[in-house]
Amino acid sequence: MFIEERHQTILDMINHNGRISVEEITARFGISVESARRDLRILEEKGLLKRTHGGAIPTHQVALGKPSKVTCKVTEIYPNYLAIAKKAVSMINNNDVVFITSASVGYLMAQNIPDNLRIRVVTNSIVIAEELRIKDNITTILLGGEMDNKGNCYDAFAIDMIKHLRFDKCFITSAFISSNFGLSIQKSKAISFWNALIDSSKETIGLYPTEKIGFESVVSICPANRLNKLITDWDALEEDLSAFDEQGIELVVVEKD
């Protein structure tokens, strides 16, 4: 097989599976680890993929970001998302008041809060609130306002409620995060919402799987260093993490089980 054909097959595998590992490349093509990493480096230089610690993921169009779902409920659990969610839950103390993001990783957090942890949770997601309402150890505050088709509220009514609240910890995510462009999203209407949350929180913790790191969406919410901590996974590149570290963000990298 010519190298061009191998590169095209690698790209086809990434587009089909959402990622590829160095081990998959070496097994598929019978080449060395060094050759596999060189292939990924060449393809990244051409802007055709983004390397990770253990392989590569697709690049994303700026305007689109990651495909969105109707709700934040999780139908397929990705190991890195679950590991990040569990690490986030482990940072919550008894009697904390916390905000949980309206995203799939936030839904996984809600599912994994232990029964012996007594806390108050604020969320703008009716889906997450529904998950939490059956837990006797949790008091839930649902931010109101005009609801979008995912069951989330971001408007002026929700922002006004936030201004009357204070959080010990705020767990948030966005479409992407980069050291230069900060936290970014596709639509500008939620900028004020996310900044109000950060302003009302003693500690802001970003939940960012590798797939969200190093990319930029259309609109910047705020600089990356408005996060106190960033939780990511084992596949994140050291060069990406170093850039956040230089901005004074505490990095928490979860390990693969």
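The values are calculated or read from the model by the stated rules, or taken from the named source; none is laboratory data. Worth saying up front: this structure is predicted, and the values here are computed from it rather than measured. Note: ideal-geometry Cβ built from the backbone for every residue, glycine included; neighbour counts use all protein chains shown.
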### Task
Hey, can you tell me all the residues within the range 1-36 that are within 25 Å of the chain's Cα centre (by Cα), modelled with pLDDT of 90 or more, surrounded by 14 or more Cβ atoms within 10 Å (Cβ to Cβ) and of a type in the set (D, E, K, R)?
Glu24
### Query
Residues in the range 124-142 that are closer than 29 Å to Phe215 by Cα and in contact with a helix residue (DSSP H, G or I) (Cβ under 6 Å, 6 or more places away or on another chain): how many?
2
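I'd like the residue in the range 32-59 that is aliphatic (A, V, I, L, M) and in contact with a Lys or Arg (Cβ under 8 Å, 6 or more places away or on another chain) and, out of all such residues, is farthest from Asp233 (Cα to Cα).
The extreme case among them is Leu40.
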### Task
Mind listing just one residue for me: the one in the range 209-229 that is in a loop (DSSP other than H, G, I, E, B) and touching a residue at least 40 places away in the same chain (Cβ under 8 Å) and, of those, surrounded by the fewest Cβ atoms within 10 Å (Cβ to Cβ)?
Pro223
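Quick check: anything in the range 146-166 among the charged types (D, E, K, R) and closer than 30 Å to Asp245 by Cβ?
Going residue by residue through the range 146-166, those that are among the charged types (D, E, K, R) are 146, 148, 150, 155, 160, 163, 166.
Restricting the remaining residues to those that are closer than 30 Å to Asp245 by Cβ gives 166.
For the range 146-166, residues among the charged types (D, E, K, R) and closer than 30 Å to Asp245 by Cβ: present.
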### Task
Kindly indicate whether Pro58 is modelled with pLDDT of 85 or more, within 30 Å of Gly151 (Cβ to Cβ) and either crowded, with 18+ Cβ neighbours inside 10 Å or not small (Gly, Ala, Ser) (or both).
yes
